[in-house]
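As structure tokens, the structure follows; a few thoughts come after it.
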Amino acid sequence: MLIYSLIPARGGSKAVPHKNIRLLRGKPLIAHSIEISLKCPSIQRTFVSTDSEEIAKVARNAGAEVPFLRPSELAQDDTRDLPVFHHFLRWLEQNRVPLPDAIFQFRPTSPSRSVSKIEEAAELLKKNPEADSVRGIIEPGQNPYKMWTIGADGFMQALLSIPGIPEPFNEPRQSLPKVYWQIGYLDLIRTRTILEKHSLTGTHVLPLKIDSNDSIDIDDEFSFQLAEFLMERRGSTI
């Protein structure tokens, strides 16, 4: 199976300025994702998609391929991941680079990964030809059956219901359906899922369970500092 990785890293970041190249444990944040990708036997090539010359330079120095700069219209606050992957695949086709069978998405904001978990995801996809993708998940700290919305009239409304259970929000947590939270640890998507189903998940998604202690997701200043603390505590640089 031919597998590439794609690390999307746009230049604009309001919550944490220059987030993707800010030093985390002595190296740029994006370098953590690049280095782990380069260590994985299942990944043949590691690419970065960015609109920033500065990020591109840092990524190349870390060992990634950055053969193009992403158009600015695909690097906005509300840009979804799918068009970024479509743009990447079009570039491969236009430059006669063999299309991979699948692509890992490694978000720079999840800098703590292990080679063994990445290889486990690759094996999962290989052994399940009907699967469209593999997605990293954890058990969440909160159960959505105990969550609410607030209606236009100001009264709360239960977010979810369970047939035969009138008030799931009052049930013991142990009696509620088990749920999982998707995280940015990794996504592994078949190329055909992107091109034919125009999706980064598809309809047959395999779970890769991640220990919640290994899940780090940086989206603001506090989580950046927390990531540094946790990685320092574990004695981990990548």
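Mind checking which residues of the range 196-213 are open to solvent by 70 Å² or more (accessible area, probe 1.4 Å) and part of a helix (DSSP H, G or I)? Residues satisfying the conditions are 196, 197, 213.
I'd like to know if the range 206-218 contains one or more residues that are over 30 Å from residue 99 (Cα atoms) and over 16 Å from the mean Cα position of the chain (by Cα). Checking the range 206-218: at least one residue is over 30 Å from residue 99 (Cα atoms) and over 16 Å from the mean Cα position of the chain (by Cα).
Within the range 23-71, if we keep just the residues that are out of contact with any helix residue (DSSP H, G or I) (no Cβ under 8 Å at 6 or more places or on another chain), in a helix (DSSP H, G or I) and among the acidic types (Asp, Glu), the residue that is surrounded by the most Cβ atoms within 10 Å (Cβ to Cβ) turns out to be 35.
The values are calculated or read from the model by the stated rules, or taken from the named source; none is laboratory data. Everything numeric in this text was worked out from a predicted model, so none of it was measured. Cβ atoms come from the backbone with ideal geometry, glycine included; neighbour counts cover every protein chain shown. Side chains included, ligands, DNA and RNA excluded: accessible areas come from the protein's heavy atoms. Shrake-Rupley method; radii C 1.70, N 1.55, O 1.52, S 1.80 Å.
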